1. For K92, which aspartates and glutamates qualify as cross-link partners when the Cα separation must be under 16 Å and same-chain residues fewer than eight apart are set aside?
2. For every helix of n ≥ 4 consecutive DSSP H residues, a contribution of -39,500 (n - 2.57) applies; sum these over the chain, divide by its total residues, and give [θ] at 222 nm rounded to the nearest 500 deg cm²/dmol.
3. What ³J(HN,Hα) values, in whole Hz, does the Karplus curve 6.51 cos²θ - 1.76 cosθ + 1.60 give for segment 43-54 when θ = phi - 60°, with x put for Gly and Pro?
4. Subtract the Cα-Cα distance of R7 and T120 from 0.36 nm times their separation in residues, and report this length gain in nm to one decimal.
5. Relative to the compact-globule scaling 2.2 N^0.38 Å, provide the ratio for the alpha-carbon radius of gyration of segment 3-218.
6. For Cα pairs less than 8 Å apart in space and 6+ apart in sequence, what is the mean separation divided by the residue count of the chain, i.e. the relative contact order in percent?
7. Out of residues 5 or more away from R23 or on other chains, whose amide H comes under 5 Å of its own, with H placed 1.01 Å from N in the peptide plane?
8. Could you go through segment 205-220 in sequence order and give the Karplus-derived ³J(HN,Hα) for each residue, using 6.51 cos²θ - 1.76 cosθ + 1.60 with θ = phi - 60°, rounded to whole Hz, and x for Gly and Pro?
Amino acid sequence: MKKINIRNSSEEFIAGKIVCVGRNYEEHARELGHNEPDEFPIIFLKPASNIIFSGEKVVHPSYSNNLHYETELVLLIGETVKDAKDLDEAEKAIDGYGVGLDMTLRDIQNAAKDKGDPWTIAKCFDTAAVLSDFILKSEYRLTMNEVIRLKVNGEIRQNCSLNKMTHTPAQLVKYISSVMTLEKGDLIYTGTPAGVSRVVKGDKLEAEISLVAVLETEIT
């Protein structure tokens, strides 16, 4: 079991399922070759066993030559929600915020897509979900003007305002709860902005969301 680290709180959360959202920033969708925004969020899952925390290292799988980072706002679900009736109910289910890296084997993913196969192994290898600590919503509420940023070896690679999301956090929770029950401890990776690219062994990554959280990791 993976215990979520909560800043300034003794409340305990055990990580449940990780629901990830794809193509939730238009510029990132375009860099992947998708020119029209998606009507509904694209979702996929990662197991909690993929989680590592800030300061731990991402292990580059030997079967891939193209490991990418995707920096994302991560939502912490604080209560069970199923078929949220409106955005207020969906928003109420969000208990906190963090920053995460959805590590992706782009070569494996693209090969699977070309064949029409699932791309689970491109997203679900050990250390593929890097997490910061979390700040509870009772301590800080998002304005959506926060900046999400990633540096690789000190160079800025991603830099974008959260308000560029196609689907807002509450909209994501409402939609996801319509197709699966969300429970306390579940995590939602809300999608990455443009600027994803390859990293190699030895690269040092620093991800942050202004006023929310920071994480650091290294590829090994």
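1. Hits, sequence-local ones excluded: E79, D83, E139, E183, D186.
2. Per the formula, -4500 deg cm²/dmol.
3. Ordered by residue, 3J(HN,Hα) equals 10, 8, 10, 10, x, 4, 5, 6, 6, 10, 10, 3 Hz.
4. Details: separation 113, 0.36 × 113 = 40.68 nm, distance 3.16 nm.
That works out to 37.5 nm of additional length.
5. Numbers: Rg = 16.0 Å, N = 216, 2.2 N^0.38 = 17.0 Å.
Here the answer is 0.95, to two decimals.
6. Working: 552 pairs, mean separation 73.6, N = 220.
This gives 33 percent for the chain.
7. T192
8. Calculated HN-Hα couplings, in order: 10, 10, 10, 8, 10, 3, 6, 10, 6, 9, 9, 10, 8, 9, 8, 9 Hz.
Every number here is computed from the coordinates shown, using simple stated rules; none is lab data. These numbers come from a predicted model, not from an experiment. In this analysis, Cβ positions are derived from the backbone assuming ideal geometry, glycine residues included, and neighbour counts consider all displayed protein chains.
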